[in-house]
Every structure is written in structure tokens, then in C-alpha cells.
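Comments concern the structure below.
The values are calculated or read from the model by the stated rules, or taken from the named source; none is laboratory data. Because the structure is a prediction, the values reported are computed rather than measured. Quick reminder, even Gly has a Cβ in these numbers, built from the backbone with ideal geometry, and neighbours come from all protein chains shown. With ligands, DNA and RNA removed, areas are computed over all heavy atoms of the protein, side chains included. Shrake-Rupley method; radii C 1.70, N 1.55, O 1.52, S 1.80 Å.
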Amino acid sequence: MERALIKIHGIVQGVGFRPFIHRLVREHDLKGFIKNTSSGVELELDGEREVLERFVSEIPSRAPGLAVIENIETEYGLECGRFENFEIRSSKREAFRNTLISPDICICDDCLREMLTPGDRRYRYPFINCTNCGPRFTIIKDIPYDRAKTSMSDFPMCPACNAEYHDIENRRYHAQPDACPVCGPHVFFMDGEGRACANGDDAIAIARSLLRKGSIIAVKGLGGMHLACRADVEAVARLLRKRKQRDEKPFAVMCRNVECARILCEVSPEEAAVLEGIRRPIVLLRKRKEYEETLRHLSENRCLGVMLPYTPLHVLLFGDDIDALVMTSANLSDTPILYQNEEAVRALHGIADGFLLHNRDIQTRCDDSLCSVLDGREYFLRRSRGYVPQPVRISKRDDLPSVLACGAEQKASFCLTRGGHAFLSQHIGDLKNFETLSFYRNQISHFRRLFDIVPQRIVCDLHPDYLSTETAREMSEEQHIPLLQVQHHHAHLASCMADNALTGEVIGLTWDGTGLGTDGTIWGGECLIGGFETFRRFGSVLPIPLIGGDRAVKEIDRVAFALRHAASCKNDDENASHYEAMLASGVNCPLSSGMGRLFDGAAALLGIKKSAGYEGQGAVLLEAAADEAEDGCFPIEWLEENNTLFFDWRAMVAAMEQRAGAGESTAVLSACFMNTLVRMAEQQCRRARECSGLNRVVLSGGSFQNLYLMKRLPVLLREDGFEVYHQKRVSCNDEGLSLGQAAIALHRLGKETNVSGSTT
Ligand code: ZN
Ligand code: ZN
Ligand code: FE
């Protein structure tokens with residue numbers, strides 16, 4: 001008999017970890033206690049060495065799905081008295097200060113089985129949940145996290161539920177949202193005018209039959225409302241587009257199961273694992289070849305965003321005969337997702353033919369997450385429901401000061417740190433919309449309260465007009481917290497470094513649409529050399545004059561005009577003389593080195609698209625058009641100015657124009673364009689390595705949402721001996737920017753307080 005001290009580091013609080021340990025301890029007949037610590041949990045156990053070792057070895061594989069175990073330290077042979085029993089020791093203060101809150105998790109297999117078992121007291125009950133599944137973040141009003149501080153406060157537990165809740169052997173032990181048909185929430189159906197029609201199972205039956213007949217139904221989910229309709233009837237999907245005024249943006253589809261997803265799309269085993277995982281993001285899947293055209297009403301590119309049912313209500317709605325439904329966020333042009341019953345009925349009048357709602361309030365909006373699968377794991381375009389507010393660990397140290405990073409503007413997010421944990425917000429949206437801005441501000445306060453964080457620094461972008469910058473400045477003044485401004489692409493670089501636990505200096509390819517540079521011009525095709533401390537602009541893309549400023553971001557044929565003009569190619573636009581005059585005078589033609597703009601210009605030049613219906617559409621369609629077997633390339637030239645190595649795209653544009661004129665296909669030329677960028681990046685990195693001796697390359701910025709680039713550039717760089725890193729835990733686009741801002745601020749603060757600034 002001996003005693004073991006076991007320290008488990010990671011995300012092991014608020015995820016049903018202690019009841020799990022309790023059961024495992026029981027199984028092995030061990031005695032002792034468990035308590036929470038600032039970085040995880042700590043156990044002291046008495047038992048035979050062999051049993052203790054077996055116990056420890058089983059923890060990682062059997063832990064609850066939500067737990068993230070970073071490492072386990074075990075010490076044997078401690079001085080021991082004898083423990084009489086096993087107990088969970090809790091200190092209120094500790095628990096409070098280190099609160100972690102679980103994200104919302106899809107219905108688990110145990111609950112699913114119960115729900116579909118006739119005679120079970122939760123048979124066909126759409127709010128069934130347990131310690132391992134159900135709503136969390138979206139129903140929490142305040143901390144400490146218990147039922148009274150959630151939407152469930154309206155539903156006092158019945159004796160049966162109460163007994164389960166207090167029984168540590170029960171899988172609903174301390175499951176705050178636990179409920180049953182006797183004591184819990186219920187669903188109801190309203191018609192298009194908001195008149196109540198039916199409750200419970202009848203409500204679900206009406207919604208199902210209307211959906212099958214081709215109606216558009218609003219369905220209340222975990223973090224907001226969806227608009228649902230048949231995915232297989234083109235006319236219905238088109239009607240939804242018309243009513244929602246969403247002309248071109250792709251729709252997400254919810255499929256009954258992976259087999260149904262396979263009818264529409266190619267699904268690799270890795271993709272299936274993410275689809276079926278407990279977090280249930282929308283996964284971008286490649287459409288099956290034979291459906292590339294017929295699924296255009298859902299998505300105009302080669303991919304389709306697919307998710308599987310994640311609430312019990314979704315499961316009941318699909319039954320065993322609906323295979324696929326369009327499930328798009330219910331919101332009106334750029335406003336945040338609708339999440340309250342009355343508001344939804346009002347706002348969706350004339351859009352939804354009916355409403356499948358319920359009386360469990362959503363406290364916090366949370367949109368569906370969106371990712372593709374790269375190297376076997378999520379590659380985020382949007383990290384939101386199912387992931388937020390689980391922190392990203394960016395340092396092993398827990399004595400770091402707290403910071404608030406305010407992110408960018410169009411894909412807004414913020415990040416609050418506590419110790420080595422970074423808490424990133426859910427998807428917020430474009431702050432230029434007033435309601436989105438107030439949502440953003442409310443969420444900052446909400447997160448600060450939930451995680452008990454008082455920041456010692458506020459960080460924001462360099463751009464003075466970003467509404468996030470304005471918010472940061474206001475908070476800084478009101479609360480007397482020092483402000484730090486960080487250059488946009490430096491923050492992208494730092495985000496990828498923090499994401500991969502890198503220190504020191506790296507070569508950073510940060511490619512996106514727009515970010516304000518330190519010289520006052522617009523950057524976006526950057527090759528930086530630097531780290532958390534500082535950076536320099538090693539290379540970029542030759543600036544493109546944007547004819548009419550922001551108008552050129554939408555009317556991308558203006559960019560094509562500027563490209564042709566610079567490359568001395570013939571331009572035959574009806575506005576040619578007007579544009580020429582603007583370019584000659586430079587009036588209202590700001591210069592941009594944005595990679596996104598180069599993509600836009602190429603898309604317009606190749607006749608793929610003349611004006612962009614949404615940001616990044618040019619790049620998305622160009623990627624979709626490319627012939628993946630083509631490995632040709634255009635000429636690459638360089639221009640050195642102000643110690644910066646600019647990719648001079650004029651030769652490329654001239655070649656592209658000439659070959660297009662000769663009738664070469666858009667598919668081949670699109671591929672050649674991206675191949676050129678890949679080669680260009682490789683050459684640039686080589687020159688940066690010669691200059692700096694650095695061998696690590698980080699890839700960040702919204703342009704790397706492009707999987708054509710992501711499948712080729714890292715391969716080429718690795719062949720060249722580089723170590724290549726991309727974003728893994730946060731998005732590569734501006735949504736992931738706040739993580740980089742926070743990492744830079746922590747580094748600065750570390751230096752100021754004279755401790756090592758390492759953030760790994
Ligand atoms: Zn469950
Ligand atoms: Zn009950
Ligand atoms: Fe950016």
C-alpha cells in the first residue's frame with residue numbers, strides 16, 4: 001500500500017471530470033480525495049502501486065469528451081496515514097476564481113438511447129441532457145454556475161430529477177440543465193402570424209410535415225434561431241434566399257447522419273470524426289462530382305457546409321425520414337443571430353412560414369462554428385458554438401497578468417486572458433452594424449464577469465477607425481487601464497505563434513484583405529520577420545491602387561482594371577477614361593498591398609466575377625474554378641524598395657492576360673495564378689531565411705482559408721527545409737487576431753514586471 005499524488009493539468013473543470021474520477025476511483029477501490037487547483041485538479045490516493053498505475057493510465061482514454069488533459073504528473077511513495085474513504089474537496093473561493101465554463105455539447109449516446117426508448121420517462125423529450133451533454137454557455141446568466149444562475153431557474157426540479165442530480169453515481173450528477181417532461185421546458189409551434197398551434201410532440205409533427213411540403217420554418221437551436229427548409233428542392237431554397245435577401249452566400253445544410261452527408265459530399269474518415277464529434281461544427285465538405293452543378297442553389301463553390309443534428313429537438317425533427325435540411329442562421333442582413341422568441345416571430349414575419357420554439361431562454365447568442373478539416377483536425381473559419389468559451393492555453397504559467405484584446409472589426413472577436421488561459425469570444429460579426437456592436441460590448445462585460453477578470457492592459461488594432469479600437473479607447477479611459485495598439489499583421493503572426501506555442505522569431509506570411517500598416521498604407525500580402533517583441537516588414541505585394549477606395553472592394557472589376565493598367569495591358573471598360581484619369585491623378589485611389597485584393601483582381605480579370613456579393617467571394621470562386629491537376633506558373637518578378645521585397649505582379653498579370661486572350665481556360669489560369677503565389681511565397685521565405693537565419697514559417701490571415709494554398713504551400717516549404725505552422729485552435733482570419741494581440745501584450749507586460757516573457 002502506498003500513497004500517490006496525482007496532478008492533472010488541463011481543462012478538467014466544469015466538464016464532469018470529478019464525477020468521472022469518482023467513478024474510476026470506485027472501480028479501482030481506492031481511497032483519498034480530489035480538489036481543484038488553478039491549473040487543473042489534484043488527487044491524493046492510497047492503494048497498491050500496481051492499481052494506482054493502472055488507474056492513472058486509464059484517465060486519458062476514459063475521461064469525459066470535453067476534458068483536455070495537458071499532462072499528468074504522478075509522485076509515488078508519499079508518507080501516508082490512511083484515508084478512510086474518497087471525497088471531493090471543494091473550496092468555494094478557489095472554484096470561483098478559476099471557473100471554467102463548458103461549451104454547449106451535442107446530445108450524447110446515452111441520452112439519445114433514452115430519448116428513443118418507449119417507456120423511458122424522457123421518451124421523445126427534446127430537452128434531455130446529462131453531465132456529458134446539453135446546453136451550458138448559452139444558458140448561463142452569471143456565476144457561480146448553478147441552476148439558479150441559468151435559464152433553468154424557471155424550472156424547479158421534480159423529485160425524480162432532484163434525486164438524480166444529487167446522486168454521484170448517476171450520470172446526471174450536478175447536471176445543471178437536467179429536466180424531464182414533468183418539470184422542464186417544452187416545445188411549441190406557432191404559425192407564420194405568431195399564433196400558437198400546438199405543443200410537444202404535436203408541434204414537432206406539424207413542423208416536420210410543413211418542412212416536407214416545402215415550407216420555411218424557424219427552429220430554435222442552442223445559441224439562436226435557424227431558418228430551415230428542404231435542401232433537395234431547389235425552388236424552396238431559392239425562395240428562402242429571396243425572402244432572406246441572401247443572394248449568393250452559401251447555405252449550411254444539416255444532414256440526418258454521416259451516411260446522408262455522404263449522399264451529397266465526399267466525407268473522409270477525419271471529416272466524419274469532426275462531423276460526429278461532440279462539438280458539431282459545420283464542416284466544409286467537397287461536393288460529390290456528380291452534384292457540383294445540382295447543388296449550386298446551396299453553394300456556388302465546390303464545397304458545402306454540412307453539420308449533423310446536435311440538439312435532441314433536431315433529432316426528433318429529422319425523425320428517420322428527413323435526410324437533409326438547409327439550416328441557416330436566422331438573422332437579417334448583418335445583424336446578430338435572432339435568439340429570443342418574440343423578437344424572432346416579429347423579425348421573421350414574411351420570411352418563416354412557421355416557428356418551432358420552446359420556453360427555455362437562450363441567454364447568450366452563439367452561432368454555429370465553421371471549419372474545414374486539415375491534417376486531421378479542425379481548421380477554423382469561425383470558432384463559436386461547441387468550442388467557446390473553452391480557453392486556449394497559451395502559457396504554462398498561471399501567474400501572468402490579465403489582458404483584454406479587442407480584435408479587428410469585420411470579423412470581430414475579443415480575447416480575455418487569465419493566467420495561461422486565453423478566453424476567446426464567440427462569433428460576433430461586423431461591428432459596423434449597430435446591434436452587432438452592442439452585442440460585442442455586452443459580451444466583453446459578460447466574459448469579464450463570468451471569468452472574474454480585471455484586465456491590466458487593453459489591446460487593439462492600429463486602425464483608428466475600427467469600432468473595436470474606439471471601444472478599447474473608451475474602456476481604457478473610463479477604467480484607467482493602459483492601452484496598447486498592435487499592427488494588424490503583427491497580431492496575425494503572433495496569433496499563429498501563440499496557437500502553436502512558439503517563442504523567439506519566425507518568418508510570418510500574413511495574407512489577408514486589409515490591415516493598416518505602420519506607414520499608413522493598407523497592407524495585406526505581408527512577409528514579416530519577428531516575434532512577440534517586434535517585427536519588420538521583409539516583403540509584401542506591390543501596392544494596387546484601389547479605384548474609388550472601398551468601392552473597389554465590392555466592384556472588383558475596378559481592381560482588374562488597375563492591374564491591367566499597371567501591367568500595360570489593354571483595358572476596354574466603359575469607364576476606362578474615367579478610371580485612367582483617377583489612376584493618373586491618384587485621387588481617391590488608395591494603395592493596397594492586400595492579398596485579398598490581388599485575388600479579387602485576378603478573379604475579375606479571368607472573368608469569374610465582376611462584383612463581389614460578399615467579402616472574399618472573388619477568392620472563393622477563383623479557388624473553386626481552379627484545375628487542381630495544373631501545375632503551371634506565371635513569371636515571378638521582384639522589386640526592392642524601402643528595404644522591402646515586393647512581389648511585382650505586373651509580369652504575372654501580363655502573362656495571365658495574354659494567355660486568357662489566347663483562349664486558355666479559366667480553370668488552368670486560376671490554378672496558375674495560385675501556383676504563382678505559392679512559388680512566390682517560397683522564394684520570399686528563402687530570401688528571408690538567407691537574411692535572418694530563421695527557419696520557421698507561420699501562415700496566418702484570412703487568405704489562408706484557401707485550401708488550394710494550404711495544401712500546396714506548406715508542402716513546398718517543407719521540401720525546402722522549413723518548419724511550417726498554421727492556425728490550429730483559432731481561426732486564421734481576423735476572428736483569430738485577438739489571440740495574437742493578447743500574446744503581444746502579455747509579452748510586453750512580462751518585460752515590464754521583469755519576469756520572463758515566454759508565453760509557451
Ligand atoms: Zn447526455
Ligand atoms: Zn423532472
Ligand atoms: Fe486580417
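Every listed requirement among (1) under 14 Å from Leu30 (Cβ atoms); (2) open to solvent by 50 Å² or more (accessible area, probe 1.4 Å); (3) part of a loop (DSSP other than H, G, I, E, B) is met by Phe83 save one, (2). Once the stretch 97-126 is narrowed to residues that are part of a loop (DSSP other than H, G, I, E, B) and within 11 Å of ligand 1 (Cβ to nearest atom), the residue that is nearest to Arg18 (Cα to Cα) is Cys108. Does Cys265 count as closer than 28 Å to Lys728 by Cα, open to solvent by 10 Å² or more (accessible area, probe 1.4 Å) and of a type outside the set (Ser, Thr, Tyr)? For Cys265, the condition - closer than 28 Å to Lys728 by Cα, open to solvent by 10 Å² or more (accessible area, probe 1.4 Å) and of a type outside the set (Ser, Thr, Tyr) - is not met.
Scanning the stretch 502-514 for residues that are open to solvent by 10 Å² or more (accessible area, probe 1.4 Å), part of a strand (DSSP E or B) and farther than 19 Å from Gln705 by Cα turns up nothing. All of (1) open to solvent by 50 Å² or more (accessible area, probe 1.4 Å); (2) within 16 Å of ligand 2 (Cβ to nearest atom); (3) more than 16 Å from His186 (Cβ to Cβ); (4) not acidic (Asp, Glu) hold for Tyr123 with one exception: (3).
Here Ile139, Ile72 are screened, and the one residue that is within 26 Å of Glu44 (Cα to Cα), in contact with a Pro (Cβ under 8 Å, 6 or more places away or on another chain) and more than 16 Å from ligand 3 (Cβ to nearest atom) is Ile72.
Just to be sure, is Leu5 open to solvent by less than 20 Å² (accessible area, probe 1.4 Å) and farther than 23 Å from Pro103 by Cβ?
no
Could you tell me whether the stretch 536-547 includes any residue that is open to solvent by 20 Å² or more (accessible area, probe 1.4 Å) and in a helix (DSSP H, G or I)? For the stretch 536-547, residues open to solvent by 20 Å² or more (accessible area, probe 1.4 Å) and in a helix (DSSP H, G or I): absent.
The set of residues from the stretch 162-185 being among the acidic types (Asp, Glu) and over 17 Å from Pro312 (Cα atoms) comprises Glu164, Asp167, Glu169.
Checking each residue in the stretch 422-475 for being more than 30 Å from Ser39 (Cβ to Cβ) and among the basic types (Lys, Arg) picks out Lys432, Arg441, Arg473. The residues of the stretch 709-756 that are open to solvent by less than 20 Å² (accessible area, probe 1.4 Å) and either more than 20 Å from the chain's Cα centre (by Cα) or without any contact (Cβ under 8 Å) to a residue 12 or more places away in the chain (or both), listed by number, are Leu713, Pro714, Leu717, Phe722, Val724, Ile744, Ala745, Leu746, Leu749, Gly750.
Considering the stretch 392-449, and only residues there that are under 15 Å from Cys460 (Cα atoms) and of a type in the set (Val, Ile, Thr), the residue that is farthest from the chain's Cα centre (by Cα) turns out to be Val403.
Scan the stretch 251-262 for residues that are closer than 20 Å to Cys111 by Cα and surrounded by fewer than 20 Cβ atoms within 10 Å (Cβ to Cβ) and the total you get is 2. For Ile105, the conditions (1) at pLDDT below 90; (2) more than 16 Å from ligand 2 (Cβ to nearest atom); (3) surrounded by 14 or more Cβ atoms within 10 Å (Cβ to Cβ) are fulfilled apart from (1). Could you pull out the residue among Ser568, Ser540, Ser611 that is within 21 Å of Asp648 (Cβ to Cβ), under 33 Å from the mean Cα position of the chain (by Cα) and of a type in the set (Gly, Ala, Ser)? Step by step, each of Ser568, Ser540, Ser611 is checked, and only Ser540 is within 21 Å of Asp648 (Cβ to Cβ), under 33 Å from the mean Cα position of the chain (by Cα) and of a type in the set (Gly, Ala, Ser).
May I ask you to list the residues in the stretch 29-49 that are modelled with pLDDT of 90 or more and either touching a strand residue (DSSP E or B) at 6+ places or on another chain (Cβ under 7 Å) or open to solvent by less than 10 Å² (accessible area, probe 1.4 Å) (or both)? Walk me through it before giving the result.
Just the residues of the stretch 29-49 that are modelled with pLDDT of 90 or more, to begin with: 29-34, 42-49.
Leu30, Lys31, Gly32, Phe33, Ile34, Glu42, Leu43, Glu44, Leu45, Asp46, Gly47, Arg49 - these are the residues of the stretch 29-49 that are modelled with pLDDT of 90 or more and either touching a strand residue (DSSP E or B) at 6+ places or on another chain (Cβ under 7 Å) or open to solvent by less than 10 Å² (accessible area, probe 1.4 Å) (or both).
Of all the residues in the stretch 686-705, those that are open to solvent by less than 10 Å² (accessible area, probe 1.4 Å) and either within 16 Å of the chain's Cα centre (by Cα) or under 27 Å from Glu615 (Cβ atoms) (or both) number 6.
Of everything in the stretch 128-186 that is buried (at least 16 other Cβ atoms within 10 Å of the Cβ) and among the acidic types (Asp, Glu), the residue that is farthest from Asn341 (Cα to Cα) is Glu164.
Counting only residues that are touching a helix residue (DSSP H, G or I) at 6+ places or on another chain (Cβ under 7 Å), open to solvent by 10 Å² or more (accessible area, probe 1.4 Å) and without any contact (Cβ under 8 Å) to a residue 60 or more places away in the chain, which one in the stretch 515-535 is nearest to Asp600 (Cα to Cα)? This residue is Leu516.
So that you can scan it fast, the table gives a plain yes or no per residue for (1) modelled with pLDDT under 95; (2) under 14 Å from Cys672 (Cβ atoms); (3) open to solvent by 50 Å² or more (accessible area, probe 1.4 Å); (4) assigned to a loop (DSSP other than H, G, I, E, B):
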| position | (1), (2), (3), (4) |
| --- | --- |
| Phe599 | no, yes, no, no |
| Ile608 | no, yes, no, yes |
| Tyr614 | yes, no, no, yes |
| Ala619 | no, no, no, no |
| Asp631 | no, yes, yes, yes |
| Leu645 | no, no, no, no |
